[in-house]
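I have placed the structure first, in the form of structure tokens, so that the comments after it can refer back to it.
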Amino acid sequence: MKISIRLIATFMELLPPGTKGNKIEIEVPEGTTASVVMAQFNVPQDASSVIVVNGLTVPLSTLLVEGDVVSAFSAVAGG
């Protein structure tokens, strides 16, 4: 199934070389979770990252479905 990965700001550098912009489409098997996909791109899965599926914060164990957009960006602390 096809899903989209969108890595924002400093996480853009984790996309494959030659990627234009901050979004790519990839093929993943059914049963793939948000956590598995983020691990493929070396996105930290801790408090330093915000990871959302289709714009919603969900558990990283969420199973993805065709057409999902998984986005990640670095959490920023204000002062």
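The values are calculated or read from the model by the stated rules, or taken from the named source; none is laboratory data. None of these values were measured; they are calculated from a predicted model. With ideal geometry, Cβ positions are generated from the backbone for all residues, glycine too; neighbour counts draw on all protein chains shown.
Assorted remarks:
- Check on Gly55, among the small types (Gly, Ala, Ser), at pLDDT 95 or above and within 18 Å of Met1 (Cα to Cα): no
- Hey, Pro29 surrounded by 11 or more Cβ atoms within 10 Å (Cβ to Cβ) and either charged (D, E, K, R) or assigned to a loop (DSSP other than H, G, I, E, B) (or both) or not: no
- Residue count, segment 4-14 (criterion: within 10 Å of the chain's Cα centre (by Cα) and aliphatic (A, V, I, L, M)): 3
- Any hit, segment 4-15, residues being assigned to a loop (DSSP other than H, G, I, E, B), of a type outside the set (D, E, K, R) and under 17 Å from Ala75 (Cα atoms): yes
- Pairs linking a residue in segment 1-21 that is free of Cβ contacts under 8 Å to residues at least 60 places away in the same chain and under 23 Å from Ser48 (Cβ atoms) to a residue that is β-branched (Val, Ile, Thr) and assigned to a strand (DSSP E or B), with Cβ atoms under 9 Å and 6 or more positions apart or on different chains, are Leu15/Ile5; Leu15/Ile24; Pro16/Ile24.
- Among the residues of this structure, Ala75 does not count as one that is out of contact with any helix residue (DSSP H, G or I) (no Cβ under 6 Å at 6 or more places or on another chain) and modelled with pLDDT of 95 or more.
- Per the conditions (1) modelled with pLDDT of 95 or more; (2) more than 19 Å from Ala75 (Cα to Cα); (3) surrounded by fewer than 16 Cβ atoms within 10 Å (Cβ to Cβ), the sole criterion not satisfied by Asn42 is (2).
- Residue within segment 56-66 that is in a strand (DSSP E or B) and either touching a residue at least 24 places away in the same chain (Cβ under 8 Å) or within 10 Å of the chain's Cα centre (by Cα) (or both) present: yes
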